[in-house]
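**Student:** Take this structure, written in structure tokens, and hold onto it; I'll ask about it next.
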Amino acid sequence: MLSSKTLILITDSKVAKFYSSKGSHVQDLLKSIAAEKWWKMLIQKGRDNFFHKMGVSSHFFDPHHEAKENERRSFSLEIKYTLKNVLKSYPADCIVIFSEPKMLGELRKNLASEFKALIHKEINKDLTHCTLQEISGYLRNV
């Protein structure tokens, strides 16, 4: 059963939306953020996998997924800082997270322990383009 003041976080690797909710009824959009391209430049990891060493040019067989991983990691850090600010203005009793699986994994790694204690449920579902009524429908099943 959800508490009276629930914070709903809906995110994918590009957009995060924070909604207020009373029980299973979604009320208002508190904040919406989009991934910034400049942020991922701060956290680029060095290339030291099997095929590619630091300071060596790229090869055809190198994995091509590093950019998306870096973008997900940097955006999850941005979500973490925004979540801290949202909880100051809207002190929620619990948090419900709807996210795609890879982004949910990054959020689990990067969220502080004080936020992890508030998490009521994590659902592997991308609802970033859904209406408030559709989100409320999914929330009733939680």
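No value in this document is a laboratory result; all are computed from the given coordinates. What you see is a predicted model, and the numbers here were worked out from it, not measured in a lab.
**Student:** Give K14/K88; K14/K125; K68/K88 a once-over and call out the pairs whose C-alpha atoms are over 21 Å from each other. Don't skip to the end; give the middle numbers.
**Tutor:** Numbers: K14/K88 24 Å; K14/K125 15 Å; K68/K88 30 Å.
In this structure, K14/K88; K68/K88 exceed 21 Å between Cα atoms.
**Student:** Could you give me the ³J(HN,Hα) list for segment 79-88, computed from phi with Karplus coefficients 6.51, -1.76, 1.60 and θ = phi - 60°, whole Hz, x at Gly and Pro?
**Tutor:** 5, 4, 5, 5, 4, 4, 5, 5, 5, 5
**Student:** Suppose the chain between I123 and K22 were pulled fully straight at 0.36 nm per residue; how much longer would it get relative to their current alpha carbon spacing? Provide the component values of the computation, followed by the final result.
**Tutor:** Working: separation 101, 0.36 × 101 = 36.36 nm, distance 1.84 nm.
That pair, I123 and K22, stretches by 34.5 nm at full extension.
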